[in-house]
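K.L.:
Take a look at this one; I'll ask things after.
The values are calculated or read from the model by the stated rules, or taken from the named source; none is laboratory data. Please read these numbers as outputs of a predicted model, since none were measured by experiment. Neighbour counts run over all protein chains shown; Cβ positions are idealised from the backbone, glycine included. When the accessible area is computed, the model is the full protein with side chains, heavy atoms only, and any ligands, DNA or RNA have been set aside. Shrake-Rupley method; radii C 1.70, N 1.55, O 1.52, S 1.80 Å.
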Amino acid sequence: MFHKEILKKMRGETSGGRALEYIYRFWAHDRLSTFPGYHRAAETTKAIMEEIGLSNVEILKYKTTGTNLFADWEGPQGWDAISGILDVKGPKGKPRRIADRQADPCNLMLWCGSTPPEGVNTKIVRADTEDAIKGKLLFQHKVPLDYKLREKIIEKGALGVISDELPYWPDVRVREENMHLVRWHNAFLFPQNRENILAFSITPANGDWLRGLLAEQGEVEAFARIETKLYDSYLPVTTGVIPGTVEPEKEIWLIQHLHEVGAHDNASGVGASLEVARSIIDMVSRGELEAPKRTIRVICSWEVIGFLAHITANPEITDRVVCAFNPDMVGAKQEICNSWLQVFMEPHSNPHFIDDLTLDLVGELYKNHPRWHWEKQKFIINDNFLADPMIGIPCPSIIFMRDRHYHTSSDRPENLDTTVMGEIGALLAAGVYTVANGGAKSAEELVDVVLRNTLSELAELIADHRDSVSFDERLQHLKPVLHGRLETLTDLVLKDEKNKKLTEKIRTTKERLEAIAESARPEGPGFKLEPKSDLEREADSIVPVRKVWGSYSLGRVPKKVKKERDLASFSSWSYDDNAPIFWSDGKRSILQIQWLAGQEQGKTPKLEKLMTLFRTLEEYGYFSLEKR
């Protein structure tokens with residue numbers, strides 16, 4: 001098969017060592033987690049793109065203020081951190097420095113505020129304290145680090161917060177083994193800090209020491225001195241292309257975020273993609289590969305938000321993109337980081353053959369690494385938000401999750417594996433090159449790959465649904481998903497290619513799948529979605545029509561309204577929250593959307609809450625609601 005032949009060629013070319021060299025160059029700036037650092041990282045990445053031979057290399061800049069929206073994602077305020085320390089008076093009055101920005105950039109949370117130049121003497125109390133906390137630092141203890149704590153700080157005039165919080169996962173990261181990690185906090189003060197809240201992140205070891213002091217004394221004396229800057233800035237989008245020779249107007253993207261503290265998350269994705277581009281360019285120059293017939297684009301920015309800024313400012317470009325690949329954390333030393341490859345598929349609302357191609361490449365690659373582990377996963381929201389049907393760019397995510405060092409200052413290049421990065425680079429190269437050059441012949445081959453995968457999914461359906469109603473209900477959901485993956489194979493067909501043979505093969509394969517499903521159908525009645533209550537009849541009479549693409553944070557809805565309507569926890573990162581949004585195509589009713597989201601996610605959203613959500617979305621300009 002074409003894609004397997006390309007994978008074999010690329011495995012002899014892509015170099016994890018080169019990818020690591022690139023990473024060292026731009027990660028040195030990104031690790032500082034400041035906007036000046038991010039901008040230097042973008043400039044360095046641009047220089048690398050030019051060195052390896054990409055064309056039309058540029059940095060696009062999108063203004064961000066902390067109050068503006070890109071679709072429904074808030075643009076962050078610019079931030080720079082010059083210095084920051086926190087000294088705590090220990091037993092017998094001896095001070096202990098538990099945070100120092102110059103020693104560890106993660107000791108200050110992003111968007112941390114400033115003290116006067118001479119610093120401030122203050123006191124530390126537990127965050128669950130309800131006594132007078134004005135002017136004091138709150139140590140996060142048995143209190144979530146969330147918007148409620150932030151509101152408490154603002155309303156009661158506290159100076160700020162100290163946290164030793166780390167997320168823990170069995171078999172990946174446990175507290176006792178990671179007492180000296182410092183978490184990178186990029187959410188608590190997002191997207192802006194106009195209240196000048198101070199925010200420190202400390203190690204669990206220092207947290208336990210402070211916890212002990214507070215248990216003995218109730219409050220502890222401390223000294224803080226911080227110099228930071230908050231200001232309007234810009235998000236850089238760094239991009240370059242390998243121009244296509246036959247259909248240059250059609251693009252395949254390698255999309256990955258820069259501008260995080262981690263070498264694995266996600267300098268590795270950027271480094272691997274740069275090496276993919278270098279490999280293809282060099283192999284073409286040596287006559288070992290035909291030049292790409294479609295344009296291959298490497299594009300890097302702030303996670304999700306930078307890319308949303310780009311496509312929102314230039315919506316016409318989405319029509320040119322055939323598909324994208326999203327490498328996000330692709331270079332772990334698996335035995336050190338306790339991570340393994342997980343491949344995240346398209347949402348069921350936007351099925352595409354690219355999932356089948358990716359899975360087949362992973363399976364082929366991993367034959368060479370029997371000790372490596374990988375898993376197929378359902379859709380989640382990250383830079384693959386492009387797969388939103390309203391945007392329409394299929395985009396599998398390739399991620400080594402979890403990672404012992406995830407979102408900490410210990411996510412460093414020495415934890416990266418050049419073998420892993422080289423191999424994942426080969427996989428990515430084979431994927432983008434297949435879509436660029438595979439054409440109708442490759443599409444015909446991939447019909448068999450899609451068929452194999454869909455037969456497996458039908459076998460699961462037959463095994464899990466023994467009664468006729470549940471079988472038919474599940475089949476009604478899966479049928480357009482499976483057919484969609486076959487039908488989109490025509491996206492591979494190049495200009496002036498004949499695809500009659502492909503069209504016929506797709507048709508006969510769909511007929512074969514239908515015959516298999518029919519032969520396995522249990523005897524008995526089928527399923528029909530019908531409204532049974534007044535609420536269901538009302539929901540079935542309303543068709544939501546989207547106006548805003550991407551996942552939603554409800555950033556346009558006032559906080560008070562979100563609280564009153566039980567929407568305060570609605571998150572742009574949650575696909576459970578956003579699945580009904582993705583299923584809204586301007587034709588389906590709210591009742592149909594509820595059913596489809598439930599079928600995809602395995603849990604059906606409550607109809608009352610869904611009605612409230614869509615009415616709120618209409619009220620604040622995300623949707624119109626039409627009667628049918």
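K.L.:
Would you check if there is a residue in segment 366-386 being over 27 Å from Glu21 (Cβ atoms), in contact with a Gly (Cβ under 7 Å, 6 or more places away or on another chain), open to solvent by less than 10 Å² (accessible area, probe 1.4 Å) and assigned to a loop (DSSP other than H, G, I, E, B)?
P.N.:
No, every residue in segment 366-386 fails to be over 27 Å from Glu21 (Cβ atoms), in contact with a Gly (Cβ under 7 Å, 6 or more places away or on another chain), open to solvent by less than 10 Å² (accessible area, probe 1.4 Å) and assigned to a loop (DSSP other than H, G, I, E, B).
K.L.:
A further question follows. Does Pro347 count as in contact (Cβ under 8 Å) with a residue 24 or more places away in the chain and either farther than 18 Å from Ile299 by Cβ or among the polar types (S, T, N, Q) (or both)?
P.N.:
Details: in contact (Cβ under 8 Å) with a residue 24 or more places away in the chain: yes; either farther than 18 Å from Ile299 by Cβ or among the polar types (S, T, N, Q) (or both): yes.
Answer is yes for this residue.
K.L.:
Might you let me know whether segment 432-439 holds any residue that is crowded, with 20+ Cβ neighbours inside 10 Å and assigned to a loop (DSSP other than H, G, I, E, B)?
P.N.:
yes
K.L.:
Still on this structure, please answer the following. In segment 350-364, what residues are in contact (Cβ under 8 Å) with a residue 60 or more places away in the chain, more than 17 Å from Leu254 (Cβ to Cβ) and not acidic (Asp, Glu)?
P.N.:
Asn350, Pro351, Phe353, Leu359
K.L.:
Of all residues in segment 387-402, which are outside any loop (DSSP other than H, G, I, E, B) and either of a type in the set (Lys, Arg) or open to solvent by 30 Å² or more (accessible area, probe 1.4 Å) (or both)? Break it down into steps so the answer makes sense when it comes.
P.N.:
Of segment 387-402, the ones outside any loop (DSSP other than H, G, I, E, B) are 387, 397-401.
Within segment 387-402, just Met401 meets the criteria.
K.L.:
Next question, about the same structure. Please enumerate the residues belonging to segment 584-620 that are in contact (Cβ under 8 Å) with a residue 60 or more places away in the chain, under 25 Å from the mean Cα position of the chain (by Cα) and over 20 Å from Phe471 (Cα atoms).
P.N.:
Asp585, Leu610, Phe614, Leu617
K.L.:
Find all pairs meeting these conditions: Cβ atoms under 8 angstrom apart; at least six residues apart or on different chains; first residue within segment 168-187 and in contact (Cβ under 8 Å) with a residue 24 or more places away in the chain; second residue open to solvent by 50 Å² or more (accessible area, probe 1.4 Å) and not in a loop (DSSP other than H, G, I, E, B).
P.N.:
Hits for this filter: Met179/Asp208.
K.L.:
Have a look at Asp72, Asp87, Asp100 and point out the one that is touching a residue at least 24 places away in the same chain (Cβ under 8 Å) and open to solvent by 20 Å² or more (accessible area, probe 1.4 Å). Explain how you work it out, then say what you get.
P.N.:
Working: Asp72 fails: open to solvent by 20 Å² or more (accessible area, probe 1.4 Å); Asp100 fails: touching a residue at least 24 places away in the same chain (Cβ under 8 Å).
Exactly one residue qualifies, and that residue is Asp87.
K.L.:
Using beta carbons and a limit of 9 Å, which pairs, at least six apart or on different chains, have the first residue in segment 483-501 and free of Cβ contacts under 8 Å to residues at least 24 places away in the same chain and the second one part of a loop (DSSP other than H, G, I, E, B) and open to solvent by less than 20 Å² (accessible area, probe 1.4 Å)?
P.N.:
From residues that are free of Cβ contacts under 8 Å to residues at least 24 places away in the same chain, the pairs are Glu487/Phe353.
K.L.:
Taking only pairs six or more apart or across chains, which ones have beta-carbon atoms under 6 Å, a first residue in segment 398-417 that is over 12 Å from Val261 (Cβ atoms), and a second residue that is open to solvent by 10 Å² or more (accessible area, probe 1.4 Å) and part of a strand (DSSP E or B)?
P.N.:
What qualifies is Ile399/Gln342; Met401/Gln342; Arg402/Trp169.
K.L.:
Scan segment 500-525 residue by residue and report those that are open to solvent by 50 Å² or more (accessible area, probe 1.4 Å) and part of a loop (DSSP other than H, G, I, E, B).
P.N.:
Arg521, Glu523, Gly524, Pro525
K.L.:
What is the one condition in (1) of a type in the set (Lys, Arg); (2) within 28 Å of the chain's Cα centre (by Cα); (3) part of a helix (DSSP H, G or I) that Arg194 does not satisfy?
P.N.:
For Arg194, the exception is condition (3).
K.L.:
Okay, moving on. Restricting attention to segment 148-193, which residues are under 21 Å from Leu137 (Cα atoms) and either open to solvent by 40 Å² or more (accessible area, probe 1.4 Å) or acidic (Asp, Glu) (or both)?
P.N.:
Lys148, Glu151, Ile154, Glu155, Lys156, Leu159, Asp164, Glu165, Arg183, Asn186, Ala187, Phe190
K.L.:
Counting just the residues of segment 266-294 that are open to solvent by 10 Å² or more (accessible area, probe 1.4 Å) and not in a helix (DSSP H, G or I), which one comes out nearest to Ala436 (Cα to Cα)?
P.N.:
Here the residue is Lys293.
K.L.:
Moving to a separate point now. Spot the failing condition for Ala103; the list is (1) in a loop (DSSP other than H, G, I, E, B); (2) closer than 30 Å to Phe570 by Cβ, and only one is missed.
P.N.:
With (1) in a loop (DSSP other than H, G, I, E, B); (2) closer than 30 Å to Phe570 by Cβ applied to Ala103, the lone miss is (2).
K.L.:
Hey, among the residues in segment 536-572 that are assigned to a helix (DSSP H, G or I) and open to solvent by less than 40 Å² (accessible area, probe 1.4 Å), which one's farthest from Trp595 (Cα to Cα)? Don't jump to the end; show me each part of the working.
P.N.:
Looking only at segment 536-572, we keep the residues that are assigned to a helix (DSSP H, G or I), and these are 536-540, 559-564.
Next, from what is left, pick out any that are open to solvent by less than 40 Å² (accessible area, probe 1.4 Å): 539-540, 561-562.
Details: Ala539: 11, Asp540: 11, Val561: 27, Lys562: 24 Å.
Step by step, filter segment 536-572, then rank; the result is Val561.
K.L.:
Applying the selection to segment 232-250, what residues are in contact with a Gly (Cβ under 9 Å, 6 or more places away or on another chain) and open to solvent by 10 Å² or more (accessible area, probe 1.4 Å)?
P.N.:
Asp232, Ser233, Tyr234, Ile242, Lys250
K.L.:
Out of Gly113, Gly135, report the one residue that is touching a residue at least 60 places away in the same chain (Cβ under 8 Å) and either more than 30 Å from Leu69 (Cα to Cα) or in contact with a strand residue (DSSP E or B) (Cβ under 7 Å, 6 or more places away or on another chain) (or both).
P.N.:
On the way: Gly135 fails: touching a residue at least 60 places away in the same chain (Cβ under 8 Å).
Only one candidate passes the filter, namely Gly113.
K.L.:
Here is a check on your reading of the model: is Ala443 touching a residue at least 24 places away in the same chain (Cβ under 8 Å) and either in contact with a Leu (Cβ under 7 Å, 6 or more places away or on another chain) or small (Gly, Ala, Ser) (or both)?
P.N.:
It is true that Ala443 is touching a residue at least 24 places away in the same chain (Cβ under 8 Å) and either in contact with a Leu (Cβ under 7 Å, 6 or more places away or on another chain) or small (Gly, Ala, Ser) (or both).
K.L.:
What single numbered condition from (1) buried (at least 16 other Cβ atoms within 10 Å of the Cβ); (2) at pLDDT 95 or above; (3) touching a strand residue (DSSP E or B) at 6+ places or on another chain (Cβ under 6 Å); (4) more than 30 Å from Asp282 (Cβ to Cβ) fails to hold for Gln140?
P.N.:
Status for Gln140: all satisfied but (2).
K.L.:
Collect the residues in segment 573-623 that are open to solvent by 60 Å² or more (accessible area, probe 1.4 Å) and either touching a Leu at 6+ places or on another chain (Cβ under 6 Å) or of a type in the set (A, V, I, L, M) (or both), keeping them in residue-number order.
P.N.:
Glu618
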